[in-house]
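The values are calculated or read from the model by the stated rules, or taken from the named source; none is laboratory data. Remember, it's a predicted structure, so these values are computed and weren't measured experimentally. All Cβ positions, even for glycine, are placed from backbone atoms using ideal geometry, and neighbour counts span all protein chains on display.
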Amino acid sequence: MLRTLKIKNLATIEGLEVSFPPEFSILTGETGAGKSIIIDAIRLITGEKGSTDLIRTGAEEASIEAEFETSGLPFDSGDVPPGDRGRLLIQRTVNAQGGGRVYLNGVLVPVRRLKEIGGLLVDIYGQNDHIFLLHTENHRRFLDDLLEDQAPVRETARLAGEIRRMLEEHAELETREREREQRLDFLNFQLAEVERADLKPGEDQELYRQREIIKNAEKIAGLVEAALSVAYVDENSLVALTAKLRSLLADLSAYDRSVETLAPGVQEAAILFEDLAKVLLNLKDGLAEKPADPEAVEERLSVIEKLKRKYAPTVEGILEKMEEARQEKQRLETSSERLAELSVILNDKFSEYARAAASLSGSRKKTALKLEQAIEKHLSVLGMKKSRFKIKLQTRPPCLDMPETIRDSGAEEVEFLISTNPGEDLKPLRRVASGGELSRMMLALKSVGRERETCKTLIFDEIDSGIGGKTAEAIALKLRALAGRHQVLCITHLPQIAASAANHFHVEKTVDKDRTFTRIRALAPETRIAEIARLISGSHVTKAALETASQMLGLHGGKTV
């Protein structure tokens, strides 16, 4: 529900702040005082397009800030950080260049994000505001909300989703089946080509090493001979010198025992040099054996490089790709069986869906008859006595060959029709022209509805257009009852409706130094009586009007904020 609203530099509003209680509140004021500007501000804060014409003359931008309580609403903040105690702070600016900014709990978001959540927070019912009526999908949801048993709704949607997934798999298998032989030939060719190569992980790296040895064989042989000379062959090689050093240290230890501590280190060095000599001798023997065939190495590398260019940049990658090819081949070889199996399952699942959709259709027809009667009774009480209300259920039987007919919502298109005058044909509700009639229609729908959400803000504008007397009293009672489930704001010119509200706000326009200002204030009991008396008698408030206003407030138990 809407907790607070702050407006700055919007049309005739220079600065305004108001807090709305979670009940039934009404806004009154002279025609042109600026009540519609407050509604415009709420429209902006719920994502409607902003116009530069709304910016107050002399200002660079208009700004609106609203705090909503979202508990009880089907509201998912998504990427918006949670507010304190379930609150959502919306801030929006509209600048003279036609741009602006939107913040949700301090996070900058695009206007489209604001529009996504606006319908979850506020419904505005007035001329050109009946978004509910423009989309027949809303009519279907409204009717389904009234069904005694919601199981057919859920079951139909569940089965439709399963069938869609199966149809996607079926189409994929059919496509694969058409290309099956060609694809299998291609996969078999790939697998045979790689299998003939008999690749081993790391084989290419070993071949690169061999190529380098062959390329530098003479240089390597020279290095090995030189190293052997230093380590083992020469008279003063490391092995010979180390042996001589060990002998000298052994003789010296007879004169100085501390020399013995050096013996282990020298021994380790001797072992190291001997091992080094063995490695070099083995390397020399290896070089003396028959070297790798340069042509064979190059030929093998050529085969591997060709496969790398075709399949993957590494031998390991080629082997992984071939494993994927084997798995795909296996799937293709069994796709015919799966396709036949899936066709049987699809037919069975479609039969289930058809039964669930038929059950849903039956429930809708019964509920539609009850709703038609209930709405006509409400409309009669609301001053539309000759109105006829009809729910058009246009059935399109589902067909497995036409996937678009298998819908989550079942087989029906649902549309509300109405005739507001005797002799006129029933027409789509969305084409009803009168703002007052639209508002009363929505009040009737809301009165019989079973909305899942609570604490939503409902705003009724022009609901009292062309009515009075008992009809006004009936509307007042229904608005008051509706406020038990939602926060209700209503702009009215009728004293019966004004007196029935729990809270009363007065909107007035003043002129100061050639500038116009719109202000809003909550009325105290005495000023509320005076305002309702003005609604009764006009600008000349009489004593009788004051007494009547006082009685009306007492009758309805009206209070002020």
Check your understanding: In the range 315-336, which residues are closer than 23 Å to Ala171 by Cβ and basic (Lys, Arg)?
Key -> Lys329, Arg331
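Given the range 471-539, what strands (runs of 3 or more DSSP E) lie entirely inside it while holding 2 or more residues that are among the hydrophobic types (A, V, I, L, M, F, W, C) and in contact with a Leu (Cβ under 8 Å, 6 or more places away or on another chain)?
Working: elements: 487-491, 503-512, 515-522.
Because the criterion is at least 2 residues that are among the hydrophobic types (A, V, I, L, M, F, W, C) and in contact with a Leu (Cβ under 8 Å, 6 or more places away or on another chain), the strands (runs of 3 or more DSSP E) in the range 471-539 that meet it are 487-491, 503-512.
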Practice item. Sort through Phe416, Phe389, Phe350 and tell me the only one that's surrounded by 13 or more Cβ atoms within 10 Å (Cβ to Cβ), among the hydrophobic types (A, V, I, L, M, F, W, C) and farther than 27 Å from Ile475 by Cβ. Key: Phe350
Check your understanding: Among the candidates Gly58, Gly32, which residue alone is under 20 Å from Thr492 (Cβ atoms) and surrounded by fewer than 17 Cβ atoms within 10 Å (Cβ to Cβ)?
Key -> Gly32
Practice item. Write out, first by first residue and then by second, each pair whose Cβ atoms fall under 7 Å of each other, whose residues are 6+ apart or on separate chains, and whose first residue, in the range 540-561, is closer than 25 Å to Ser19 by Cα while the second is modelled with pLDDT under 90 and outside any loop (DSSP other than H, G, I, E, B). Key: Thr560/Pro525
Exercise for review: Please list, ordered by first then second residue, the pairs with beta carbon atoms under 8 Å, 6 or more apart or interchain, first in the range 358-375 and within 18 Å of Arg396 (Cα to Cα) and touching a residue at least 24 places away in the same chain (Cβ under 8 Å), second surrounded by fewer than 16 Cβ atoms within 10 Å (Cβ to Cβ) and among the hydrophobic types (A, V, I, L, M, F, W, C).
Suggested key: none
**Study point:** Filter result (more than 17 Å from Ile532 (Cβ to Cβ) and either surrounded by fewer than 19 Cβ atoms within 10 Å (Cβ to Cβ) or more than 41 Å from the chain's Cα centre (by Cα) (or both)) within the range 497-520
**Key:** Lys509, Thr510, Val511, Asp512, Lys513, Asp514, Arg515, Thr516, Phe517, Arg519
Review point. Is there a residue being among the aromatic types (Phe, Trp, Tyr), modelled with pLDDT of 80 or more and surrounded by 15 or more Cβ atoms within 10 Å (Cβ to Cβ) anywhere in the range 68-87?
Key: yes
